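Heads up: the structure comes next, in structure tokens.
Every read-out reported here was derived from the displayed coordinates using simple, explicitly stated rules and does not represent laboratory data. Just so it is clear, the model here is predicted, and its values are computed rather than measured. For neighbour counting, all protein chains shown are included, and Cβ atoms are generated from backbone atoms with ideal geometry for every residue, glycine included.
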Amino acid sequence: MSDDDLRQEGGTSRRDFLRTAGLAAGGAVVGAAAGAQEADPLITEVQEWASATGEGVDATPYGMPIRFESDVVRRTVSWLTADPISSINFTPIHALDGTITPQGCAFERHHSGAIELSKDNYRLMITGLVDRPLVFTFDDLMRFPRENHVYFCECAANSGMEWAGAQLNGAQFTHGMIHNMEYSGVPLRILLEEAGVKPEGQWIFVEGADASSNGRSIPMEKAMDDVLVAFTANGEALRKEHGYPVRLVVPGWEGNMWVKWLRRIGVTHSAVEAREETSKYTDLMPDGRARKWTWAMDAKSVITSPSPQMPIRHGAGPLVLTGLAWSGRGAIERVDVSLDGGVNWQTARLAAPAQKFALTRFYLDIEWDGRPMLLQSRAIDETGYVQPTKHQLRAIRGLNSVYHNNGIQTWAVYENGAVENVELDA
Ligand SMILES: Nc1nc2c(c(=O)[nH]1)N[C@H]1C(S)=C(S)[C@@H](COP(=O)(O)O)O[C@H]1N2
Ligand SMILES: [Mo]
């Protein structure tokens, strides 16, 4: 089972949203300030939680989110694939802030389920066109110099269900096949140099220890550049579902190359030989030809709040618009936000200087007048590339693609604060 099985259902286009927007029930309290003066028993009276002691430090050896946050979890869409072992779940990006994705809610994509592989049983082999074929234990890997980097990992199928029209009502589902973590690992270059790559070794073929093996080819130039053989994410060991004990991290490139439970690296001759073995990830064009070699993820962004799962609960007045932007070709340079479906644009504030191949958080602080909005965000990366509209993208790629949908997302915000996934007419 591969990502090719991700099915698109006949797009429930919501082109007539403008009419419904006009009819949406009112209820916005115009002019309400963020903060009130009246006496509130929650601040004036002694509460139950202040009248007794809380839990001791021995209660929770490994912490979990408090129960009030129990809806901030990965979710699946049941019709995507036939079986959960070959499926995808989605990061709750609508409910997170900052840029780091906690491992416990970082999306998962498996072709044959998450396996349990111990450090003791772990081996990594480097074979093929090398001077010294090598097999490393986990402890061997720990003796090589390490680096730390924050990188996003986006499945090429992220937003794939939206090609034919607005379909899934939530940023989690439209854009949640992405996570962003801080990895510690050994640069792959160091291990390849240890094995001694022969001059004719131009590609590597990487495989995992799971039944699917998820074999993928990577050009030597990338392998020698910034690819990491990683064993921690956000400071702790990789979770089972992200490839414990070791996964490949391929910055900026599509998630399917980030091989989990990394087992074998074969150094091979030519691009063609290596790529033909596994050229599964292609983008079908309207004329029947297919785009291949589409490894880097193009610049993309999405407003995470407000969004369908994060309606506006407070009526008119101060409103924080926020979202995420990223590019597999370099750092994010600028993010623009539109409140009127792309007619006018304002430059958003980046929460921190953008880092190459990592998620960038943006904010736009506005005074909402309580009227309907058509929210969009548009990412621009350091190469000057501007995130296209969905219409611009479809004009080139047609409707048959699954992968690499980086078109601009539109959220319709209604007067009552509800938010819906919509598409604009061209
Ligand atoms: N061994 C192995 N590696 C794999 C896969 C797999 O099924 N097996 N899935 C790939 C795909 S398609 C994606 S998008 C990423 C997802 O990584 P995650 O599960 O940590 O989010 O892992 C990639 N690496
Ligand atoms: Mo993927």
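When the square roots of the Cα gyration tensor eigenvalues are ordered a ≥ b ≥ c, the ratio a/c for the stretch 300-421 is 1.5 or more and a/b does not exceed b/c, which makes its shape oblate. Evaluated at 10 °C with a viscosity of 1.306 mPa s, what Stokes-Einstein diffusion coefficient in µm²/s does the stretch 281-363 have when Rh comes from the Kirkwood expression over alpha-carbon pairs? Stokes-Einstein gives a translational diffusion coefficient of 106 µm²/s.
Which order do peptides 97-103, 343-349 fall in by mean Cβ count within 10 Å, highest first?
97-103, 343-349
Beta bridges assigned by DSSP with both partners in the chain are antiparallel in approximately 95 percent of cases.
Checking the Cα-Cα distances for Lys260/Lys356; Lys222/Lys260; Lys198/Lys300; Lys198/Lys260; Lys356/Lys390 against a 29 Å cut-off, the pairs over it are Lys198/Lys300. For the chain, a Gaussian network of Cα nodes joined below 10 Å ranks Glu207, Glu45, Glu333 by mean-square fluctuation, and the top entry is Glu45. Work through the residues other than Ile115 whose Cβ is under 11 Å from its Cβ and net out their charges, Lys, Arg +1 and Asp, Glu -1. Once positives and negatives cancel, what remains is 0. Share of pairwise Cα-Cα distances greater than 30 Å in the stretch 84-291 is 22 percent (whole percent). Peptides 390-402, 352-364, ordered by how many other C-beta atoms sit within 10 Å of their residues on average, highest first, read 352-364, 390-402.
Mean-square fluctuation check for the chain, GNM, Cα pairs under 10 Å: which of Tyr122, Tyr183, Tyr403 is largest? The residue with the greatest mean-square fluctuation here is Tyr122. Between Thr60 and Ile190, the FRET efficiency from the beta-carbon distance, with R0 = 56 Å, is close to 0.90. Residues Phe173, Phe144, Phe90, Phe205, arranged from fewest to most other Cβ atoms within 10 angstrom of their Cβ, appear as Phe144, Phe205, Phe173, Phe90.
The slack in the chain from Asp425 to Asp40, taken as 0.36 nm per residue of separation less the alpha-carbon distance, amounts to 133.9 nm. Highest GNM mean-square fluctuation, the chain, Cα pairs closer than 10 Å: which of Trp49, Trp253, Trp295? So, out of Trp49, Trp253, Trp295, the one fluctuating most is Trp49.
Answer rounded, prolate or oblate for the chain, using the Cα gyration tensor with square roots of eigenvalues a ≥ b ≥ c: rounded when a/c is under 1.5, else prolate when a/b is larger than b/c, else oblate.
oblate
What net charge is computed for the residues neighbouring Pro187, neighbours being all others with C-beta under 13 Å from the C-beta of Pro187, Lys and Arg scored +1, Asp and Glu -1?
Result for the local shell: -2.
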